[in-house]
Amino acid sequence: MERVTDDVEALFAEARTRLRAVPREALGEITEPGRIRALLGSGPRIVRAGSAWRVGILLIDDDAVYEEGEVLRAADPGRRGYAVESARRRAELRAMALRGGFAEGETVHIGWRRLDLASLSAGGSAGPLTWDGGRLAIRWTPTGALMPLSAYLSERISLLLDPPAGA
């Protein structure tokens, strides 16, 4: 077994410290209406489940790290004639976020998955996070190469703290 040199908790603790000045984005979960609401015609909604900093494909909150799922903005669905079914589904999700109490235009993350950092600390993998020669690494695209997690976090947080002109 390779010698482990990175400390999972220390990397994310440092990231949280650097992120304090960055606004968080909402985490949402899809809920089905109860029987009475369903009888009254209320449909599913997206409800607030917390907030986190979006750092590339990772969502980091005070106690956990999540793998990003789908990102949307709460909005009125607008027109109803969609040429593509995926556009109709996105409009439905945006409307579900409004029904769930999110502000118009607010960014909402759904379908996120909590990463098992204890398993990662023990030498395993967690979502896009894995070990590469004793160093923590991230595969930030499904077919991409591994990148050291410390470099990934540093680069992404620097971009959040000091975005390039025009971003």
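Keeping to segment 113-154, report how many residues are of a type outside the set (A, V, I, L, M) and under 14 Å from Glu68 (Cβ atoms).
So the count comes out to 9.
Give the residue that is nearest to Arg54 (Cα to Cα), with candidates limited to residues of segment 97-106 that are over 18 Å from the mean Cα position of the chain (by Cα) and outside any loop (DSSP other than H, G, I, E, B).
Among them, the one singled out is Leu98.
Could you check, for segment 99-110, whether at least one of its residues is under 24 Å from Ala145 (Cα atoms) and of a type outside the set (Val, Ile, Thr)?
No, because not a single residue in segment 99-110 is under 24 Å from Ala145 (Cα atoms) and of a type outside the set (Val, Ile, Thr).
Output the number of residues of segment 52-95 satisfying the condition of being of a type outside the set (A, V, I, L, M), surrounded by fewer than 19 Cβ atoms within 10 Å (Cβ to Cβ) and without any contact (Cβ under 8 Å) to a residue 24 or more places away in the chain.
Residues in segment 52-95 being of a type outside the set (A, V, I, L, M), surrounded by fewer than 19 Cβ atoms within 10 Å (Cβ to Cβ) and without any contact (Cβ under 8 Å) to a residue 24 or more places away in the chain: 13 in total.
Would you pick out the residues in segment 94-113 that are hydrophobic (A, V, I, L, M, F, W, C) and in contact with a helix residue (DSSP H, G or I) (Cβ under 8 Å, 6 or more places away or on another chain)?
Across segment 94-113, the qualifying residues are Val108, Ile110.
Since every read-out is calculated from the coordinates, none of them should be taken as a lab result. Everything numeric in this text was worked out from a predicted model, so none of it was measured. Cβ: placed from backbone, ideal geometry, glycine included. Neighbour counts: every protein chain shown.
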